[in-house]
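Input: a single structure, listed below in structure tokens.
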Amino acid sequence: VLDHKCLDACLLRQHTTLLLLCFSMVSRSCANFLDLSSWDLLDFPQTQTQRALPRVMTVPGIVSELEGDGSSDVNSSTGSHERKIIVANMLPLQTKKDSETGQWCFTWDEDSLLIQLRDGFPPDTDFVYIGSLNADIAINEQEAVSQKLLSEFNCVPTFLPKEIHEKYYRGFCKHHLWPLFHYMLPMFPDHGDRFDRRLWQAYVSANKIFSDRVMEVINPEDDYVWIQDYHLMVLPTFLRKRFNRIKLGFFLHSPFPSSEIYRTLPVRDDILRGLLNCDLIGFHTFDYARHFLSCCSRMLGLDYESKRGHIGLDYFGRTVFIKILPIGIHIGRLESVLNLPSTAAKMKEIQEQFKGKKLILGIDDMDIFKGISLKLIAMEHLFESYWHMRGKVVLIQIVNPARASGKDVEEAKREIYVTAKRINDRYGSSGYQPVILIDRLVPRYEKTAYYAMADCCLVNAVRDGMNLVPYKYIICRQGTPGIDNAMGTSRDSPRTSMLVVSEFIGCSPSLSGAIRVNPWDVDAVAEAVNLALKMSEAEKRLRHEKHYHYVSTHDVGYWAKSFLQDLERASQDHYNKRCWGIGFGLSFRVLSLSPSFRKLSIDHIVSTYRNTERRAIFLDYDGTLVPESSLVKTPTAEVLSVLKSLCEDPKNTVFIVSGRGWESLSDWLSPCENLGIAAEHGYFIRIGVFILFV
């Protein structure tokens, strides 16, 4: 059998004993076709010994037994019901240790997205959460904590060793992936960290630990697994290797960069292949999805197409679906805060403090991508260019605590304070500050009050995955009957809101009534703020109504329900195909073929070849006879020798099939008599001495 990459046809043997062997290099997504077997490819060493959790009882009296040998088709209990297994870096829990008893106490974090997404499902829907805790649990306490969380919260904690967690989260996630996905390249040592292979190894090890915890509780035939965000992008590979037909979805909450940025990542292919082991991949915007598809095309040679309104990638016979779905907010949670007496009291205080002035609100995390400095410079240009705004406009900038530390964050914070002081010194006066910085942990009710009282919300991030600040602002401006009564406002009074948002944030495409700006163009931002403040009330009302309708109908529950419905559709054909696991390490993938397909046995091919009287052999040229990576495209002496041997056998009819020109092929293969050539994709055909042009 000739050395080749892909076997693309089946054996035909009838009464005429005709043997047809077709060798071709069809695409990079079907390489190594003869290696179809479920090898033990991803057995990374355990970084920490953990006792397995007991099987989760799916229905009374039936326990799922998944302690097998890791075969592809694990049978679960016939009476089990489907669950939603949500896997994220952190569990949606608040953790505290009782100082008197020394016991760990846990409560739900009601602000967590993982809790809020349950609103899209019936109350009896079974959710299982897998992730880390925001506390350091001693090894001798981990088993007891695991049992407590599983029984009381349906949560499965992943206990990462401290060294691995530091390298995985603060190292690879925060210093490599997060800056890169926000278009920041480590051009200099003090401008982002250079790639460190040890951090990548910690990232892979952490993902392996997460996969072990998933495997302890999953019923692979019934459960749906939904992985959240960039912390776990190779986790799908581990899970797909263990369960070939697992129903697996992934949602990226950050931007996905363009291929020119992403291709600089040394482990780019491993991450792409990890994501492609999912059935459904979700993005906030079309741009993020387009960038991902472009990376798959340029780096893996994969093409995509639209199938019944969905974007699908063909990956080794599996269709990986792409979903574009902006996330929403939990409206009920926000309205409940609006109805608090403390919120109404703060609103009255703000109303009195800034009476007669226009309020512009900014709420941003302290990091280099939120564009706070650019926002302040734009406000400075506003006061310079539109002198009538002086003394009448106030920017309230709430700065949330930084989620990461570093030199760049400290420099950004210093610049913010210097710029704010310069504006206040130049344009401020006794009793008036044009810029008010609130740099502390602000209670939820206070933020809500500022949302409700602001005339305009300014979001100026230079890059952000989604940013839900505009959505919260719109809901708070709509108000509730309770807050209207507290403020003495008629429920029938018109509601208005104005948004000035960066075109580089994920929520921008869904807010058609907002004024979109380039945050780097500070003059344009100043002009947009002036336009927003002087716009007519009727226009503000129309824009607000449009935004409120969208935000109120596309909340977090809608987002979660829509994603899992598509995940169900994407995985419905799992048991209609035959699957093989192929590839080593993080290159593992599943080859999915029709039920009628049967893998050819080399021994069977050789035996049949010897016993048949007529054989037709079709050989591709590039990628089969000559390596695609070779600069020398002429066949080697060994290849010519094999071809001559095949052609000299009177039982054989041998053809070379290629897209190359007939002149070069005829010249290179001239030593092989009786060799047929189908060149130029079949336009030129030579059969012995006969030449045909189609």
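Nothing in this text is a laboratory measurement; each read-out follows from the coordinates by a stated rule. Only a predicted model underlies this, so the values are computations on that prediction, with no experimental measurement involved. All Cβ positions, even for glycine, are placed from backbone atoms using ideal geometry, and neighbour counts span all protein chains on display.
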Per-residue ellipticity at 222 nm for the chain, helices alone: DSSP H runs ≥ 4 residues times -39500 (n - 2.57), over residue total, nearest 500 deg cm²/dmol?
-10500 deg cm²/dmol
Need one number: % antiparallel among DSSP beta bridges in segment 271-425, to the nearest 5.
45 percent
Angle check, please: helix 444-453 long axis (alpha carbons) against the longest principal axis of the chain (alpha carbons), in degrees 0 to 90, nearest 10.
80 degrees
Loop-only check: which chymotrypsin sites (Phe, Trp or Tyr not before Pro) in segment 598-694 are DSSP coil with at most 10 other Cβ within 10 angstrom?
none
What does the highest-first list of 457-463, 390-396, 219-225 look like by mean Cβ count within 10 Å?
457-463, 219-225, 390-396
Dimensionless Rg over Rh [segment 564-621; C-alpha; Kirkwood]:
1.16
In angstroms, what radius of gyration and Dmax does segment 78-192 have, counting Cα atoms only?
17.6, 58
Straight-line reach check, K162, cutoff 21 Å on alpha carbons, 8 or more apart in-chain or any other chain, hits among lysines -> K96, K97, K174, K208
I need the peptides 110-122, 419-431 ranked by packing, meaning the mean over residues of other C-beta atoms within 10 angstrom, with the highest value on top.
110-122, 419-431
For segment 175-252 versus segment 444-513, the gap between their alpha-carbon centres in whole angstrom:
34 Å
Karplus ³J(HN,Hα) for segment 660-669 (6.51 cos²θ - 1.76 cosθ + 1.60, θ = phi - 60°; Hz, whole; x = Gly/Pro) runs 6, x, 6, 4, 5, 5, 4, 5, 5, 9
What number comes out for the charge environment of G428, summing +1 per Lys or Arg and -1 per Asp or Glu over other residues with Cβ under 11 Å away?
+3
What is the angle, in °, between the Cα long axis of helix 197-217 and the longest principal axis of the Cα atoms in the chain? Nearest 10 is fine, range 0 to 90.
90 degrees
For L302, distant residues with modelled amide H under 5 Å away
S297
Please sort 479-490, 373-384 by packing, taking for each peptide the average over its residues of neighbouring beta carbons within 10 angstrom, highest first.
373-384, 479-490
For the chain, the longest principal axis of the Cα atoms and the Cα long axis of helix 139-153 enclose an angle in degrees, to the nearest 10, of 80 degrees
Two decimals is fine: what's Rg over Rh for the chain, C-alpha atoms, Kirkwood radius as Rh?
1.06
Considering only V409, V394, T419, whose Cα is most displaced toward the positive end of the charge dipole of segment 389-428, charges sitting on Cβ of Lys, Arg (+1) and Asp, Glu (-1)?
V394
